[in-house]
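Bear in mind these aren't lab numbers, they're just calculated from the coordinates by the rules spelled out. What you see is a predicted model; the values in this text were computed from it and never measured. Note: ideal-geometry Cβ built from the backbone for every residue, glycine included; neighbour counts use all protein chains shown.
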Amino acid sequence: MRKLRWGILLSEVLLLILVFPALPVQAAPNLSSQYYCLVDGDSLQPILGKNADVPRQAASTTKMMTAILAVEYGHLTEEAVVSKKAARTPEYTIGLCEGQTISIQELLKALLLRSSNDAAVVLAEHIAGDEDLFSWLMSKKAFAIGAMNTVYKNSSGLPDAGHYSTAYDLARIGRYAMSKPEIKNLVGKAQVEFQHPGYLQPMTLNNTNKLITSYPGADGIKTGTANEAGKCLVGSASRGDRKLIAVVLKSDNRTGDCISLFNYGFKQCQRHKILDEKECIKSIRLSGAERKWVDVAPSRSVWIWQGDQALNIEKEVTVNYQLQAPIQKGQPVGYLDLYINNNLYDTVSLISSENIDKEPGLIGKSLRLLLNSGKK
C-alpha cells in the first residue's frame with residue numbers, strides 16, 4: 001500500500017475491485033505472450049494487461065526512443081556521417097559504410113521500417129556525438145515522459161543486461177512517438193522508398209510490422225526481435241475517435257496477439273463512470289461553523305473503458321481535516337489520486353459541495369434569538 005501523507009493534509013486509501021456487468025461477448029483473449037498490455041491511446045488508461053510492469057529486454061522497440069530524440073534534436077534534412085563503429089554494427093543493418101553521408105530522414109526510414117541497427121548508431125552519434133551519451137539521454141527522456149521503469153544502454157536494442165523496459169512503459173513511449181508527425185507518417189506505411197548512399201537507384205523498404213497490412217485501422221508502431229526479448233510489438237490502431245495501443249513482449253505470434261487485444265478493446269469495451277461529480281466522496285468536520293460538516297465531491301466526473309475483465313482500481317484521497325468556516329461552494333479541500341492496475345491514471349480535485357457560513361458570535365446569537373422570539 002502506498003505511503004500515506006500526514007500533517008494538516010491527511011490521506012486515506014480506498015482499495016476496490018470494480019466489476020461491471022459483463023458485456024454479452026466472449027472472455028478476454030488468450031495470448032501467447034505473458035507480458036502484454038492494452039491501453040487507451042488518448043489517456044493511457046490500462047484496459048487489459050499481464051505482467052505489464054515487469055522489466056524485460058526491449059529489443060528493437062528501443063528504436064522508438066532513438067527516433068524521438070532524432071526528430072527533437074535534429075532536422076530531417078541534416079546530413080549525418082557514418083562512422084567506423086556504425087558501419088561495424090551487428091545485424092540487422094542496412095549496409096552503411098564508413099564515410100558515407102545520409103540524411104536523418106532516410107535514416108529514420110531504415111530505423112523504423114527495417115529496424116536497421118547501423119542507422120540507429122549513425123543517428124545517435126550525429127545527435128549526441130557518442131552512442132553512450134545518447135543512450136543516457138534516451139533514459140532521461142523516458143523518465144521525463146513517465147516511463148520510469150526503462151533504461152537504455154544503446155540506441156538499437158542490441159542485447160544488454162542493463163537495457164530494459166516494460167510493456168506499459170513501451171505503450172507510453174509509443175504514444176509519445178506517435179505525437180511526432182515525422183514518426184507517425186513513417187510507421188503507418190507498409191513500404192517506403194529509401195535512398196541508400198551506396199546505390200544510384202532507391203531501394204524499397206517493407207515494414208516489419210505486419211499489422212499495417214493485416215488489421216484495418218492499424219497505423220504503427222515498432223517491432224523488436226532478439227533471443228532473450230523474443231518477438232515484440234508495440235502496435236497502434238484507430239477506429240473513429242478511438243485509439244488503442246497494444247504491446248506484446250516475448251510473443252509466439254506478435255501480430256495475432258495484438259489483433260486479439262485490439263478486437264477486445266474495440267468490440268468488447270464500454271465506458272463506465274467511476275467518479276461522479278454529483279456524488280459525495282465523504283463529509284469533513286468544520287471548525288467555527290454554523291453547520292459542523294461539509295460534503296466533499298470530485299470537481300469532475302471520470303469515465304474509463306471497461307470490458308468483462310475486472311480492473312484493480314485504487315483511490316487515494318487526501319483532504320484537509322482542519323477546515324475552518326466560512327467555506328464556499330466549489331472551494332478546493334483536497335484531491336483524489338486514481339490508480340488503475342497500480343499505475344497512476346488521474347488526479348482530481350475535491351471540492352466543497354455547499355456554502356457554509358462562519359458560526360455567529362455572542363452578539364449575533366443574541367440577535368438571532370430575539371428575531372426568532374419576535375416571530376412567535
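Can you give the FRET efficiency for Leu200 and Asp241, using 1/(1 + (r/R0)^6), R0 = 45 Å, r = Cβ-Cβ distance, to the nearest 0.05? Calculated transfer efficiency: 0.50. Work out the FRET efficiency for Asn320 and Asn342 from their Cβ-Cβ distance, taking R0 = 25 Å, and round it to the nearest 0.05. The computed FRET efficiency comes out at 0.40.
Pairs over the 21 Å Cα-Cα cut-off, from the set Lys85/Lys140; Lys141/Lys184; Lys85/Lys153: Lys85/Lys140. Placing +1 on each Lys and Arg Cβ and -1 on each Asp and Glu Cβ, with no other charges, gives the stretch 35-267 a dipole about its Cα centre of roughly 700 debye. Around the amide H of Ala289, modelled in the peptide plane, lie the amide H atoms of Ala325, Glu359, all under 5 Å away and 5 or more residues distant in sequence or on another chain. Packing here is the average count of other Cβ atoms within 10 Å per residue, and on that basis the peptides 256-268, 187-199, highest first, run 256-268, 187-199. Here the label points at Gln328 and Lys184, each 7 Å from Cα along the C-beta direction, are separated by 3.9 nm in the simple model. If I take R0 = 22 Å and measure r between the Cβ atoms of Asn227 and Thr77 in this structure, what FRET efficiency does the formula 1/(1 + (r/R0)^6) give, to the nearest 0.05? Taking R0 as 22 Å, the efficiency between Asn227 and Thr77 is 0.05. Under the rule of -39500 (n - 2.57) per DSSP H run of 4 or more residues, summed and divided by the residues of the chain, what mean residue ellipticity at 222 nm is obtained, to the nearest 500 deg cm²/dmol? Rounded to the nearest 500, it is -8000 deg cm²/dmol. By its C-alpha gyration tensor, with a ≥ b ≥ c as the square roots of the eigenvalues, how is the stretch 89-198 shaped: rounded for a/c under 1.5, else prolate for a/b larger than b/c, else oblate? Verdict is oblate for the stretch 89-198. On full extension, the segment bounded by Ser214 and Ser32 gains 63.7 nm, given 0.36 nm per residue less the C-alpha separation. Could you please state, rounded to a whole Å, how far the C-alpha centre of the stretch 316-339 is from the C-alpha centre of the stretch 90-167? The two parts, judged by their Cα centres, are 46 Å apart.
Quote to one decimal, in nm, the extra length available between Asp252 and Ala144 on full extension: 0.36 nm per residue of separation minus the C-alpha distance between them. Write down the numbers at each step before the final one.
On the way: separation 108, 0.36 × 108 = 38.88 nm, distance 3.21 nm.
Length difference between fully extended and current span is 35.7 nm.
Proximity of backbone amide H atoms, modeled 1.01 Å from N, is registered between Lys282 and Val296 at under 5 Å, excluding neighbours fewer than 5 places apart on the same chain. Between [x] 23.4; [y] 21.1; [z] 20.3, which matches Kirkwood radius over Cα pairs in Å calculated for the structure shown? The value matching this structure is [x].
The modelled label-to-label distance between Gln270 and Ala310, using points 7 Å beyond Cα along the C-beta direction, is 2.0 nm. Sorting 102-110, 281-289 by their mean Cβ neighbour count within 10 Å, with the most densely packed peptide first, gives 102-110, 281-289.
For the pair Ser301 and Asn355, the difference between a 0.36 nm per residue extended length and the Cα-Cα distance amounts to 17.3 nm.
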